[in-house]
Amino acid sequence: MSGPNTSYDPVRVAALSAEEVERMRAAGVAAVQGAGSLEELKAVRLAHAGDRSPLALANREIGALPPQARKEAGMRVGRARSEIATAIARRDEELQTEQERRMLLDETVDVTLPFDRDPRGARHPLTVLQERIAEFFVGMGWEVAEGPEVEAEWLNFDALNIGSDHPARTMMDTFFVDPPSARTVLRTHTSPVQARTMLTQPPPIYVVCPGRTFRTDELDATHSPVFHQVEGLAIDKGIGMSQLKGTLDHFATAMFGAGITTRFRPSYFPFTEPSAEVDLVCFVCRGAEPAVDSCRTCKGEGWIEWGGCGVVNPRVLVACGVDPAVYSGFAFGMGIERTLMFRNGVHDMRDMVEGDVRFALAFGSEV
Ligand code: DAH
């Protein structure tokens, strides 16, 4: 604040003239009214009502006026400043109201919209596919059989003609269950359910057994230590390779549609004789000719293995109490993951085991 000015210079206090004060007041009020937002109003307040605003600066000069002029100039400036302050308060209120109104509009919730308070998960496509496979066989008059996941070593191996010194025993990377004296394993395939069924029901037998199986494999794009198979067993009079082939072709058509190419490749399993592996044409490169060496799914083979099958070895029939002179049969075991991969173009096994609900949701409740 300037102190009383003895050497009064009217030029220096021209800012206090009635016209000048009126001009500053009018400019201030106009700026306030022009403020379109609270932010803008903040800047206007600083410019027209702040400590360094023209009116505040003019106010400092009042002391320089002769005493008789001070009162008048003081009132003039005071009135102008209070008018601006009032305009600011009014505009502030208007802008606040407007902002609240806009916020309410923006945040409007339409309570009549349909909602899903508890988003539901989805059944895992492997589960749905197992059921679908079972239904397919039930439709042909077969039954569904089940067996335990912790299985007797004898049923998992010996009953299936895999003796304790048989190489197949070490080839199936087995999880053994403690204590060793209990001679139990996590079943390495669903084939022990064949033995269980023959031991508990007389022929004719037509059973299918989808279930979980275990091997000491590392998880990667094509392997998982926990996977699923579907086992099939038919024991009756006069049953052989041709019924097997017919059944599996029918099964393949049900799974993959008409026209899907399959091939039987001679193979070996201790529990079947003769044995074959069933291949499906690779679902990625479609068995392109010449072979696509870079195809990671079939490694350039053009085919992927679907499962194994064969005519039940008479030694298995004997071990399970079925007379091979009267009965014969066929059996097969298919990978369910492979079936899903092929059917639905799933390229990585890990997607099936990671438990991300988005993977399952993509299938809906049907596969
Ligand atoms: N158990 C075999 C495996 O896990 C698959 C298999 C092959 C099952 C031939 C069968 C069969 O029933 O007859 O590799």
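Taken over region 56-115, the residue count meeting the criterion of being touching a Pro at 6+ places or on another chain (Cβ under 6 Å) and of a type in the set (Lys, Arg) is 0.
Residues in region 286-318 that are crowded, with 19+ Cβ neighbours inside 10 Å, over 30 Å from the mean Cα position of the chain (by Cα) and either within 13 Å of the ligand (Cβ to nearest atom) or farther than 22 Å from GLY259 by Cβ (or both): GLY308, CYS309, GLY310, VAL311, VAL312, ASN313, VAL316, LEU317. Taken over region 140-171, the criterion of being under 18 Å from ARG215 (Cβ atoms) and surrounded by fewer than 16 Cβ atoms within 10 Å (Cβ to Cβ) is satisfied by PRO148, GLU149, VAL150, HIS166, PRO167, THR170, MET171.
For region 180-194, indicate whether the set of residues that are in contact with a His (Cβ under 9 Å, 6 or more places away or on another chain), within 11 Å of the ligand (Cβ to nearest atom) and under 20 Å from ALA319 (Cβ atoms) is non-empty. Scanning region 180-194 turns up at least one residue that is in contact with a His (Cβ under 9 Å, 6 or more places away or on another chain), within 11 Å of the ligand (Cβ to nearest atom) and under 20 Å from ALA319 (Cβ atoms).
Going through (1) within 32 Å of the chain's Cα centre (by Cα); (2) near the ligand (Cβ under 10 Å from one of its atoms) one by one, GLU277 falls short only on (1). Only residues that are crowded, with 20+ Cβ neighbours inside 10 Å and in contact with a Leu (Cβ under 8 Å, 6 or more places away or on another chain) were counted across region 350-366, and they come to 1. Annotation note: of ILE133, ILE84, the sole residue that is in contact with a strand residue (DSSP E or B) (Cβ under 6 Å, 6 or more places away or on another chain) and either surrounded by 10 or more Cβ atoms within 10 Å (Cβ to Cβ) or without any contact (Cβ under 8 Å) to a residue 24 or more places away in the chain (or both) is ILE133.
What single numbered condition from (1) in a loop (DSSP other than H, G, I, E, B); (2) away from the ligand (no atom under 14 Å from the Cβ); (3) closer than 24 Å to PHE330 by Cα fails to hold for ALA221? The number of the failed condition is (3). For ILE260, the criteria (1) at pLDDT 95 or above; (2) out of contact with any strand residue (DSSP E or B) (no Cβ under 6 Å at 6 or more places or on another chain); (3) aliphatic (A, V, I, L, M) hold in every case but one, which is (1).
A search for C-beta distances below 7 Å between a residue of region 136-150 that is in the same structural domain as ILE235 (by TED's automatic domain parsing) and at pLDDT 95 or above and any residue that is surrounded by 15 or more Cβ atoms within 10 Å (Cβ to Cβ) and of a type in the set (Phe, Trp, Tyr), counting only pairs 6+ apart in sequence or on different chains, returns PHE136/PHE251; GLY141/TYR206; TRP142/TYR206; GLU143/TYR206.
Residue-by-condition table, conditions (1) over 39 Å from the mean Cα position of the chain (by Cα); (2) more than 16 Å from GLU151 (Cβ to Cβ):
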site	(1), (2)
LEU186	no, no
HIS189	no, no
HIS223	no, yes
MET241	yes, yes
LEU244	no, yes
ALA254	no, yes
GLY257	no, yes
PHE264	no, yes
VAL281	no, yes
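Exactly one residue among GLY335, GLY345 is among the small types (Gly, Ala, Ser) and surrounded by 19 or more Cβ atoms within 10 Å (Cβ to Cβ), and that residue is GLY335.
Within region 321-351, the set of residues being under 28 Å from PRO204 (Cα atoms), hydrophobic (A, V, I, L, M, F, W, C) and away from the ligand (no atom under 13 Å from the Cβ) comprises VAL322, ALA325, VAL326. Scanning region 144-175 for residues that are over 14 Å from ARG196 (Cβ atoms) and not in a helix (DSSP H, G or I) returns ASN161, ILE162, GLY163, SER164, ASP165, HIS166, MET172, ASP173, THR174, PHE175.
The values are calculated or read from the model by the stated rules, or taken from the named source; none is laboratory data. A quick note: this is a predicted structure, and the numbers were derived from the prediction, not measured. When we count neighbours, we look across all protein chains shown, and the Cβ atoms used for this are built from the backbone with ideal geometry, even at glycine.
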